[in-house]
Amino acid sequence: TIKEVSIICEVESHTLRYWEREFDTIFSIHRSGNRRLYQQKDIVNLIKVKNLLREEGMTIKGAKNKFKDSRVDTSLNFKIIEDLKEILKLL
């Protein structure tokens, strides 16, 4: 759910909803009634978006272009894997 993903990604729910609208082509969020249900690939993409915007200081437009060009850095992927391992330890 959005609350669980909010905790995992360490961002507010309203930020996730905003990113969903801005990056609509990279997410496949399913809805069950009035609830959002995220898949693992959506969570990975949200973490990528977060890193691009907050760690690398990119703009929304720059991050969109990075995803369109499919050039998301592999070092970013490594960081995401490490972050997910830490999250798994907490769960």
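Go through segment 19-29 and count every residue that is open to solvent by less than 90 Å² (accessible area, probe 1.4 Å) and more than 10 Å from the chain's Cα centre (by Cα).
Initially, segment 19-29 is screened for residues open to solvent by less than 90 Å² (accessible area, probe 1.4 Å), giving 19-20, 22-23, 26-29.
Checking which are more than 10 Å from the chain's Cα centre (by Cα) leaves us with 22, 28-29.
Summing the residues that are open to solvent by less than 90 Å² (accessible area, probe 1.4 Å) and more than 10 Å from the chain's Cα centre (by Cα) in segment 19-29 gives 3.
Answer with yes or no whether residue 54 is without any contact (Cβ under 8 Å) to a residue 24 or more places away in the chain, of a type outside the set (Ser, Thr, Tyr) and part of a helix (DSSP H, G or I). Even if it seems obvious, please write down each step before you answer.
Values: without any contact (Cβ under 8 Å) to a residue 24 or more places away in the chain: yes; of a type outside the set (Ser, Thr, Tyr): yes; part of a helix (DSSP H, G or I): yes.
Here the answer is yes, as residue 54 does meet what is asked.
Please give the number of the condition residue 3 fails out of (1) at pLDDT 80 or above; (2) under 12 Å from the mean Cα position of the chain (by Cα); (3) of a type outside the set (Gly, Ala, Ser).
Answer for residue 3: the failing condition is (2).
Quick check on my filter: what residues within segment 33-42 are in a helix (DSSP H, G or I) and buried (at least 19 other Cβ atoms within 10 Å of the Cβ)? Talk me through it step by step, then tell me what you get.
So the first thing to find is which residues in segment 33-42 are in a helix (DSSP H, G or I), and the list is 40-42.
Of everything in segment 33-42, just one residue is in a helix (DSSP H, G or I) and buried (at least 19 other Cβ atoms within 10 Å of the Cβ), namely 42.
Condition check ((1) in a strand (DSSP E or B); (2) in contact (Cβ under 8 Å) with a residue 40 or more places away in the chain; (3) surrounded by 12 or more Cβ atoms within 10 Å (Cβ to Cβ)) across all residues:
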site: 8; (1), (2), (3): no, yes, yes
site: 31; (1), (2), (3): yes, no, no
site: 48; (1), (2), (3): no, no, yes
site: 61; (1), (2), (3): no, no, no
site: 86; (1), (2), (3): no, no, no
site: 89; (1), (2), (3): no, no, no
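Which one is modelled with the lowest pLDDT, of the residues in segment 63-84 that are β-branched (Val, Ile, Thr), over 12 Å from the mean Cα position of the chain (by Cα) and surrounded by 10 or more Cβ atoms within 10 Å (Cβ to Cβ)? Give the derivation first.
Here is the first cut: in segment 63-84, the residues β-branched (Val, Ile, Thr) are 72, 74, 80-81.
Now narrow it down to the ones that are over 12 Å from the mean Cα position of the chain (by Cα): 72, 74, 81.
Subset that is surrounded by 10 or more Cβ atoms within 10 Å (Cβ to Cβ): 72, 81.
Numbers: 72: 53, 81: 74.
Selected residue: 72.
The values are calculated or read from the model by the stated rules, or taken from the named source; none is laboratory data. Not measured: the values here are computed from a predicted model. Don't worry about glycine lacking a Cβ; one is built from the backbone with ideal geometry, like all the others, and counts go over all protein chains shown. For the accessible areas, the whole protein counts, side chains as well, though only heavy atoms, and no ligand, DNA or RNA atoms are used. Shrake-Rupley method; radii C 1.70, N 1.55, O 1.52, S 1.80 Å.
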